[in-house]
1. Please compute the Cα-Cα pair-distance distribution of segment 58-173 with 10 Å bins starting at 0, giving whole percents from short to long.
2. In the structure shown, do any of Lys246/Lys363; Lys119/Lys169; Lys119/Lys373; Lys119/Lys265; Lys246/Lys373; Lys42/Lys363 have a Cα-Cα gap over 32 Å, and if so which?
3. Under 18 Å from the 7 Å Cα→Cβ point of Gln258, by amide nitrogen: which residues of segment 1-42?
4. Note down the magnitude of the dipole of segment 220-280 about its Cα centre, charges +1 on Lys and Arg C-beta and -1 on Asp and Glu C-beta and zero elsewhere, to the nearest 20 debye.
5. Under 10 Å, Cα contacts only: if you run a Gaussian network model on the chain, which one of Leu151, Leu243, Leu332 comes out with the highest mean-square fluctuation?
6. Per the 1.4 Å probe, what fraction of the accessible area of segment 17-244, in percent, lies on carbon and sulfur atoms?
7. Under a 1.4 angstrom probe, counting protein chains only, how are Tyr257, Tyr182 ranked by accessible area, largest first?
8. Please figure out what share of the DSSP beta bridges in the chain is antiparallel and state it in percent, rounded to the nearest 5.
Amino acid sequence: MKTQRIPVAFPDLTGREGEYVGKAIQSSWISSSGEFITRFEKEFASECGTRTSIGVCNGTIALHLALLGLGVRSGDEVIVPSLSFIATANAVRYVGAEPVFADVDPHTWCLSPTEIEAKITRRTRGIVAVHIYGHPADMDVINQIARVHGLWVIEDAAEAHFGRYRGRKVGSLAPISTFSFYGNKIITCGEGGAVAVSDENLEVRMRTLRGQGMDPSRRYFFPITGYNFRISNISCAILCAQLERKDKILARRRSIYQNYLGQLKDIPGIEFQPVAPWAELSPWLFCILVDPSSYGRSRDELMRHLDENGVETRPFFIPLHRLPPFREQSQLRGENLPVTDLLSERGMNLPTFPGLSDKDVEKITALVRDFRKV
Ligand SMILES: Cc1ncc(COP(=O)(O)O)c(C=O)c1O
(Lines give C-alpha, C1' and ligand atoms only; values in the text may rest on other atoms or scores of the structure.)
Protein backbone atom coordinates (compact mmCIF):
# COMPACT_ATOMS: atom_id res chain seq x y z
CA MET A 1 0.00 0.00 0.00
CA LYS A 2 1.30 3.43 -0.96
CA THR A 3 1.61 5.64 2.09
CA GLN A 4 -0.01 9.05 1.89
CA ARG A 5 2.19 12.05 1.31
CA ILE A 6 2.32 14.62 4.07
CA PRO A 7 1.71 18.07 2.60
CA VAL A 8 3.43 21.17 3.96
CA ALA A 9 0.09 22.84 4.63
CA PHE A 10 -3.55 21.81 4.59
CA PRO A 11 -6.57 23.94 5.44
CA ASP A 12 -8.77 22.97 8.38
CA LEU A 13 -12.33 23.50 7.18
CA THR A 14 -13.99 21.21 9.70
CA GLY A 15 -16.21 23.78 11.41
CA ARG A 16 -19.22 25.65 10.07
CA GLU A 17 -17.49 26.68 6.80
CA GLY A 18 -19.82 24.61 4.59
CA GLU A 19 -22.93 25.66 6.51
CA TYR A 20 -22.06 29.35 6.22
CA VAL A 21 -21.21 29.10 2.52
CA GLY A 22 -24.61 27.42 2.07
CA LYS A 23 -26.24 30.29 3.92
CA ALA A 24 -24.53 32.84 1.71
CA ILE A 25 -25.73 31.00 -1.38
CA GLN A 26 -29.28 30.65 -0.08
CA SER A 27 -29.36 34.37 0.66
CA SER A 28 -28.21 35.02 -2.92
CA TRP A 29 -25.63 37.50 -1.58
CA ILE A 30 -22.62 35.99 -3.29
CA SER A 31 -20.78 39.11 -4.44
CA SER A 32 -19.28 41.93 -2.41
CA SER A 33 -22.17 42.77 -0.09
CA GLY A 34 -23.69 40.58 2.58
CA GLU A 35 -23.85 39.78 6.24
CA PHE A 36 -20.62 37.74 6.33
CA ILE A 37 -18.54 40.62 4.98
CA THR A 38 -19.82 43.02 7.63
CA ARG A 39 -19.40 40.41 10.32
CA PHE A 40 -15.93 39.36 9.27
CA GLU A 41 -14.58 42.90 8.93
CA LYS A 42 -15.85 43.70 12.43
CA GLU A 43 -14.61 40.51 14.08
CA PHE A 44 -11.24 40.58 12.38
CA ALA A 45 -10.69 44.21 13.42
CA SER A 46 -11.33 43.14 16.98
CA GLU A 47 -8.71 40.37 16.61
CA CYS A 48 -6.24 43.01 15.38
CA GLY A 49 -7.16 45.65 17.93
CA THR A 50 -8.05 48.19 15.23
CA ARG A 51 -11.17 50.26 14.67
CA THR A 52 -11.97 48.43 11.44
CA SER A 53 -10.69 46.04 8.80
CA ILE A 54 -11.33 45.98 5.07
CA GLY A 55 -11.65 42.66 3.25
CA VAL A 56 -9.95 42.34 -0.15
CA CYS A 57 -9.27 39.59 -2.71
CA ASN A 58 -5.83 38.52 -1.43
CA GLY A 59 -2.79 39.57 0.59
CA THR A 60 -0.96 41.05 -2.39
CA ILE A 61 -3.89 43.34 -3.06
CA ALA A 62 -4.03 44.23 0.63
CA LEU A 63 -0.45 45.54 0.28
CA HIS A 64 -1.28 47.30 -2.99
CA LEU A 65 -4.30 48.97 -1.39
CA ALA A 66 -2.27 50.04 1.65
CA LEU A 67 0.36 51.68 -0.58
CA LEU A 68 -2.32 53.41 -2.67
CA GLY A 69 -4.03 54.53 0.52
CA LEU A 70 -0.80 56.12 1.72
CA GLY A 71 -0.31 57.88 -1.62
CA VAL A 72 2.93 56.13 -2.59
CA ARG A 73 3.82 56.89 -6.19
CA SER A 74 6.37 56.84 -8.94
CA GLY A 75 9.85 57.87 -7.86
CA ASP A 76 9.29 56.97 -4.21
CA GLU A 77 11.42 54.41 -2.41
CA VAL A 78 10.06 51.93 0.09
CA ILE A 79 12.30 49.91 2.39
CA VAL A 80 11.38 46.22 2.55
CA PRO A 81 13.15 43.11 3.80
CA SER A 82 14.70 40.93 1.12
CA LEU A 83 13.67 37.83 3.09
CA SER A 84 10.00 37.81 2.19
CA PHE A 85 7.51 36.49 -0.32
CA ILE A 86 7.72 38.40 -3.61
CA ALA A 87 4.32 40.05 -3.10
CA THR A 88 5.88 42.47 -0.61
CA ALA A 89 8.15 43.95 -3.28
CA ASN A 90 5.78 43.49 -6.23
CA ALA A 91 3.15 45.66 -4.57
CA VAL A 92 5.68 48.49 -4.28
CA ARG A 93 6.31 48.25 -8.02
CA TYR A 94 2.54 48.28 -8.75
CA VAL A 95 2.39 51.89 -7.54
CA GLY A 96 5.49 52.85 -9.54
CA ALA A 97 7.77 53.00 -6.53
CA GLU A 98 11.04 51.14 -5.99
CA PRO A 99 11.59 48.57 -3.26
CA VAL A 100 14.93 49.08 -1.52
CA PHE A 101 16.06 45.94 0.23
CA ALA A 102 17.37 45.84 3.77
CA ASP A 103 18.90 42.91 5.60
CA VAL A 104 17.18 41.11 8.44
CA ASP A 105 18.22 40.74 12.06
CA PRO A 106 19.64 37.29 12.89
CA HIS A 107 17.69 37.35 16.19
CA THR A 108 14.26 37.87 14.62
CA TRP A 109 14.73 37.20 10.88
CA CYS A 110 12.73 40.42 10.40
CA LEU A 111 13.91 43.86 9.22
CA SER A 112 16.96 44.98 11.13
CA PRO A 113 16.44 48.51 12.48
CA THR A 114 20.08 49.49 11.87
CA GLU A 115 19.83 48.25 8.30
CA ILE A 116 16.74 50.40 7.77
CA GLU A 117 18.56 53.54 8.88
CA ALA A 118 21.38 52.82 6.43
CA LYS A 119 18.92 52.61 3.51
CA ILE A 120 17.07 55.88 4.02
CA THR A 121 17.52 58.38 1.20
CA ARG A 122 15.83 61.60 0.11
CA ARG A 123 13.31 59.51 -1.81
CA THR A 124 12.36 57.11 0.97
CA ARG A 125 8.68 57.39 1.89
CA GLY A 126 8.04 54.38 4.04
CA ILE A 127 8.84 50.94 5.40
CA VAL A 128 7.03 47.63 4.96
CA ALA A 129 7.87 45.55 8.03
CA VAL A 130 7.19 41.88 7.33
CA HIS A 131 6.50 39.54 10.25
CA ILE A 132 8.32 36.68 8.62
CA TYR A 133 7.40 33.07 9.39
CA GLY A 134 5.11 34.28 12.15
CA HIS A 135 7.69 36.31 14.10
CA PRO A 136 6.80 39.97 14.68
CA ALA A 137 9.31 42.60 13.61
CA ASP A 138 10.68 44.94 16.30
CA MET A 139 7.91 47.47 15.69
CA ASP A 140 8.59 50.02 18.45
CA VAL A 141 12.10 50.61 17.12
CA ILE A 142 10.93 50.62 13.50
CA ASN A 143 8.11 53.06 14.29
CA GLN A 144 10.55 55.32 16.12
CA ILE A 145 12.91 55.40 13.10
CA ALA A 146 9.92 56.19 10.89
CA ARG A 147 8.83 59.05 13.17
CA VAL A 148 12.29 60.61 13.18
CA HIS A 149 12.51 60.50 9.37
CA GLY A 150 8.88 61.33 8.60
CA LEU A 151 8.08 57.93 7.04
CA TRP A 152 4.99 55.76 7.21
CA VAL A 153 5.04 52.07 8.22
CA ILE A 154 2.97 49.12 6.99
CA GLU A 155 2.94 45.76 8.78
CA ASP A 156 2.87 42.86 6.32
CA ALA A 157 1.24 40.35 8.62
CA ALA A 158 0.33 37.80 5.93
CA GLU A 159 2.19 35.08 7.83
CA ALA A 160 1.59 36.20 11.40
CA HIS A 161 -2.12 36.09 12.21
CA PHE A 162 -2.75 36.50 15.95
CA GLY A 163 0.93 36.97 16.84
CA ARG A 164 1.85 39.44 19.56
CA TYR A 165 4.55 42.04 20.06
CA ARG A 166 5.24 43.12 23.65
CA GLY A 167 1.76 41.87 24.48
CA ARG A 168 0.16 43.95 21.71
CA LYS A 169 -1.72 42.41 18.80
CA VAL A 170 -0.14 42.02 15.38
CA GLY A 171 -2.36 44.17 13.18
CA SER A 172 -2.34 47.15 15.52
CA LEU A 173 1.38 47.92 15.39
CA ALA A 174 1.38 50.29 12.39
CA PRO A 175 -1.16 52.66 10.78
CA ILE A 176 -2.02 49.95 8.22
CA SER A 177 -1.54 46.18 8.53
CA THR A 178 -2.08 43.70 5.75
CA PHE A 179 -3.12 40.04 5.87
CA SER A 180 -3.41 37.09 3.50
CA PHE A 181 -5.97 34.30 3.81
CA TYR A 182 -4.41 32.04 1.18
CA GLY A 183 -4.98 28.30 1.67
CA ASN A 184 -1.79 27.74 3.67
CA LYS A 185 -2.42 30.56 6.17
CA ILE A 186 -3.60 30.18 9.76
CA ILE A 187 -7.09 31.28 8.86
CA THR A 188 -8.02 30.94 5.23
CA CYS A 189 -10.76 31.27 2.65
CA GLY A 190 -8.69 30.01 -0.27
CA GLU A 191 -7.95 33.43 -1.72
CA GLY A 192 -8.54 36.48 0.43
CA GLY A 193 -6.92 39.30 2.33
CA ALA A 194 -7.58 42.25 4.60
CA VAL A 195 -6.15 45.54 5.74
CA ALA A 196 -6.54 46.51 9.38
CA VAL A 197 -6.73 50.24 10.05
CA SER A 198 -7.86 52.68 12.72
CA ASP A 199 -7.41 56.08 11.04
CA GLU A 200 -10.72 57.18 9.57
CA ASN A 201 -9.30 59.09 6.60
CA LEU A 202 -7.19 56.13 5.55
CA GLU A 203 -10.18 53.86 5.93
CA VAL A 204 -12.43 56.01 3.73
CA ARG A 205 -9.72 56.34 1.09
CA MET A 206 -9.01 52.61 1.00
CA ARG A 207 -12.70 51.63 0.96
CA THR A 208 -13.23 54.01 -1.95
CA LEU A 209 -10.19 52.69 -3.83
CA ARG A 210 -11.34 49.10 -3.21
CA GLY A 211 -14.76 49.82 -4.77
CA GLN A 212 -13.75 51.30 -8.17
CA GLY A 213 -13.29 54.74 -6.62
CA MET A 214 -17.03 55.35 -6.37
CA ASP A 215 -18.24 58.16 -4.12
CA PRO A 216 -20.07 56.32 -1.29
CA SER A 217 -22.83 58.95 -1.27
CA ARG A 218 -23.31 59.28 -5.05
CA ARG A 219 -23.79 56.20 -7.19
CA TYR A 220 -21.74 56.08 -10.42
CA PHE A 221 -19.80 59.19 -9.51
CA PHE A 222 -16.09 58.36 -9.41
CA PRO A 223 -13.90 61.13 -8.05
CA ILE A 224 -10.77 59.00 -8.32
CA THR A 225 -9.46 56.07 -10.35
CA GLY A 226 -10.25 53.07 -8.23
CA TYR A 227 -9.96 49.30 -8.43
CA ASN A 228 -12.09 46.24 -7.92
CA PHE A 229 -10.27 44.79 -4.92
CA ARG A 230 -13.40 43.48 -3.21
CA ILE A 231 -13.82 40.18 -1.38
CA SER A 232 -16.95 38.07 -1.76
CA ASN A 233 -19.56 37.25 0.84
CA ILE A 234 -18.83 33.56 0.17
CA SER A 235 -15.16 34.01 1.09
CA CYS A 236 -16.13 35.91 4.22
CA ALA A 237 -18.58 33.13 5.14
CA ILE A 238 -15.58 30.76 5.26
CA LEU A 239 -13.53 33.30 7.21
CA CYS A 240 -16.28 33.79 9.82
CA ALA A 241 -16.33 30.04 10.41
CA GLN A 242 -12.54 30.01 10.65
CA LEU A 243 -12.56 32.79 13.24
CA GLU A 244 -15.01 30.84 15.40
CA ARG A 245 -12.37 28.11 15.71
CA LYS A 246 -9.23 30.18 15.73
CA ASP A 247 -8.32 29.30 19.35
CA LYS A 248 -8.54 25.60 18.56
CA ILE A 249 -6.55 26.01 15.36
CA LEU A 250 -3.85 27.99 17.19
CA ALA A 251 -3.69 25.53 20.07
CA ARG A 252 -3.14 22.59 17.73
CA ARG A 253 -0.49 24.47 15.76
CA ARG A 254 1.30 25.46 18.97
CA SER A 255 1.31 21.88 20.11
CA ILE A 256 2.85 20.81 16.77
CA TYR A 257 5.55 23.46 17.24
CA GLN A 258 6.32 22.17 20.74
CA ASN A 259 6.43 18.65 19.43
CA TYR A 260 8.91 19.56 16.67
CA LEU A 261 11.06 21.52 19.13
CA GLY A 262 11.18 18.62 21.56
CA GLN A 263 11.98 15.98 18.98
CA LEU A 264 14.57 17.91 16.97
CA LYS A 265 16.34 19.61 19.84
CA ASP A 266 19.52 17.61 20.09
CA ILE A 267 20.39 17.13 16.45
CA PRO A 268 23.71 18.79 15.64
CA GLY A 269 23.36 21.15 12.69
CA ILE A 270 19.61 21.62 13.03
CA GLU A 271 18.77 25.08 14.37
CA PHE A 272 15.45 26.68 15.22
CA GLN A 273 13.80 30.00 14.54
CA PRO A 274 14.86 32.43 17.26
CA VAL A 275 12.03 33.98 19.28
CA ALA A 276 12.74 37.39 20.79
CA PRO A 277 11.76 37.72 24.47
CA TRP A 278 9.11 40.28 23.52
CA ALA A 279 7.59 38.16 20.74
CA GLU A 280 4.69 35.75 20.75
CA LEU A 281 5.14 33.73 17.61
CA SER A 282 2.25 33.03 15.31
CA PRO A 283 2.61 29.28 14.68
CA TRP A 284 2.51 29.35 10.88
CA LEU A 285 5.10 27.05 9.23
CA PHE A 286 7.69 25.46 11.49
CA CYS A 287 11.19 26.50 10.43
CA ILE A 288 14.58 24.83 10.71
CA LEU A 289 18.03 25.86 9.53
CA VAL A 290 20.38 23.18 8.31
CA ASP A 291 24.07 23.84 8.96
CA PRO A 292 25.82 21.47 6.54
CA SER A 293 29.12 21.54 8.44
CA SER A 294 27.63 19.87 11.53
CA TYR A 295 24.66 18.08 9.99
CA GLY A 296 26.78 16.56 7.25
CA ARG A 297 24.14 17.23 4.56
CA SER A 298 22.85 20.33 2.90
CA ARG A 299 19.35 21.77 3.26
CA ASP A 300 18.56 20.71 -0.30
CA GLU A 301 19.73 17.15 0.35
CA LEU A 302 17.48 16.97 3.39
CA MET A 303 14.53 18.35 1.43
CA ARG A 304 15.08 15.74 -1.26
CA HIS A 305 15.31 12.98 1.32
CA LEU A 306 12.05 14.03 2.94
CA ASP A 307 10.38 14.30 -0.44
CA GLU A 308 11.49 10.77 -1.37
CA ASN A 309 9.92 9.62 1.87
CA GLY A 310 6.59 11.29 1.25
CA VAL A 311 7.09 14.53 3.18
CA GLU A 312 6.59 17.86 1.46
CA THR A 313 8.65 20.81 2.64
CA ARG A 314 9.45 24.33 1.46
CA PRO A 315 12.78 26.08 1.14
CA PHE A 316 12.99 29.59 2.61
CA PHE A 317 12.26 32.38 0.16
CA ILE A 318 14.93 33.22 -2.40
CA PRO A 319 16.19 36.70 -1.42
CA LEU A 320 14.08 39.20 -3.30
CA HIS A 321 17.09 41.33 -4.23
CA ARG A 322 18.44 38.36 -6.21
CA LEU A 323 15.31 37.79 -8.30
CA PRO A 324 15.17 38.97 -11.95
CA PRO A 325 12.63 41.79 -11.45
CA PHE A 326 14.78 43.41 -8.75
CA ARG A 327 18.39 42.31 -9.01
CA GLU A 328 19.62 44.94 -11.45
CA GLN A 329 18.42 47.85 -9.34
CA SER A 330 19.68 46.10 -6.24
CA GLN A 331 23.14 45.68 -7.78
CA LEU A 332 23.19 49.35 -8.79
CA ARG A 333 22.54 50.24 -5.16
CA GLY A 334 25.30 47.83 -4.09
CA GLU A 335 23.05 45.86 -1.76
CA ASN A 336 24.83 43.27 0.33
CA LEU A 337 22.55 41.28 2.65
CA PRO A 338 24.52 38.44 4.21
CA VAL A 339 22.01 37.41 6.90
CA THR A 340 19.23 37.11 4.34
CA ASP A 341 21.50 35.11 2.01
CA LEU A 342 22.50 32.68 4.74
CA LEU A 343 18.96 32.11 5.99
CA SER A 344 17.71 31.62 2.46
CA GLU A 345 20.39 29.02 1.80
CA ARG A 346 19.84 27.04 5.02
CA GLY A 347 16.20 27.52 5.94
CA MET A 348 13.26 25.26 5.28
CA ASN A 349 9.68 24.81 6.48
CA LEU A 350 8.33 21.53 7.79
CA PRO A 351 4.67 20.50 7.48
CA THR A 352 2.49 22.50 9.86
CA PHE A 353 -1.31 22.34 9.87
CA PRO A 354 -3.93 21.36 12.43
CA GLY A 355 -4.60 17.95 10.83
CA LEU A 356 -0.95 16.88 11.14
CA SER A 357 -0.86 14.06 13.68
CA ASP A 358 1.72 13.46 16.40
CA LYS A 359 2.65 10.32 14.48
CA ASP A 360 3.32 12.38 11.37
CA VAL A 361 5.61 14.66 13.39
CA GLU A 362 7.40 11.58 14.74
CA LYS A 363 7.89 10.26 11.23
CA ILE A 364 9.20 13.59 9.95
CA THR A 365 11.56 14.18 12.87
CA ALA A 366 12.91 10.62 12.69
CA LEU A 367 13.71 11.17 9.01
CA VAL A 368 15.56 14.38 9.88
CA ARG A 369 17.46 12.73 12.75
CA ASP A 370 18.47 9.59 10.86
CA PHE A 371 19.63 11.39 7.72
CA ARG A 372 22.45 13.20 9.52
CA LYS A 373 25.88 12.10 8.26
CA VAL A 374 28.65 11.92 10.81
C1 LIG B 1 4.82 37.98 3.58
C2 LIG B 1 3.73 37.84 2.56
N3 LIG B 1 3.19 38.95 2.06
C4 LIG B 1 2.20 38.89 1.15
C5 LIG B 1 1.70 37.69 0.70
C6 LIG B 1 0.68 37.67 -0.38
O7 LIG B 1 -0.54 37.10 -0.03
P8 LIG B 1 -1.49 36.43 -1.14
O9 LIG B 1 -0.86 35.16 -1.55
O10 LIG B 1 -2.78 36.24 -0.42
O11 LIG B 1 -1.62 37.40 -2.27
C12 LIG B 1 2.24 36.51 1.22
C13 LIG B 1 1.79 35.19 0.81
O14 LIG B 1 1.09 34.47 0.66
C15 LIG B 1 3.28 36.58 2.17
O16 LIG B 1 3.84 35.47 2.66
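1. Answer for segment 58-173: a P(r) of 15, 51, 31, 2 percent.
2. Numbers: Lys246/Lys363 27 Å; Lys119/Lys169 28 Å; Lys119/Lys373 41 Å; Lys119/Lys265 37 Å; Lys246/Lys373 40 Å; Lys42/Lys363 41 Å.
The pairs that break the limit, which is 32 Å between Cα atoms, are Lys119/Lys373; Lys119/Lys265; Lys246/Lys373; Lys42/Lys363.
3. none
4. Numbers: 8 positive and 5 negative charges, 49 e Å.
So the dipole magnitude of segment 220-280 works out to roughly 240 debye.
5. Maximum among the listed residues: Leu332.
6. Details: 4380 of 8700 Å².
For segment 17-244, the apolar C and S fraction of the accessible surface comes to 50 percent.
7. Values: Tyr257 20, Tyr182 105 Å².
Per-residue accessible area, sorted high to low, gives Tyr182, Tyr257.
8. Details: 24 of 42 bridges.
Antiparallel bridges: around 55 percent, rounded to the nearest 5.
The values are calculated or read from the model by the stated rules, or taken from the named source; none is laboratory data. Small disclaimer: the values here were computed from a predicted structure and weren't measured. FYI the Cβ positions are ideal-geometry reconstructions off the backbone, even for glycines, and counts take in every protein chain you see. When the accessible area is computed, the model is the full protein with side chains, heavy atoms only, and any ligands, DNA or RNA have been set aside. Shrake-Rupley method; radii C 1.70, N 1.55, O 1.52, S 1.80 Å.
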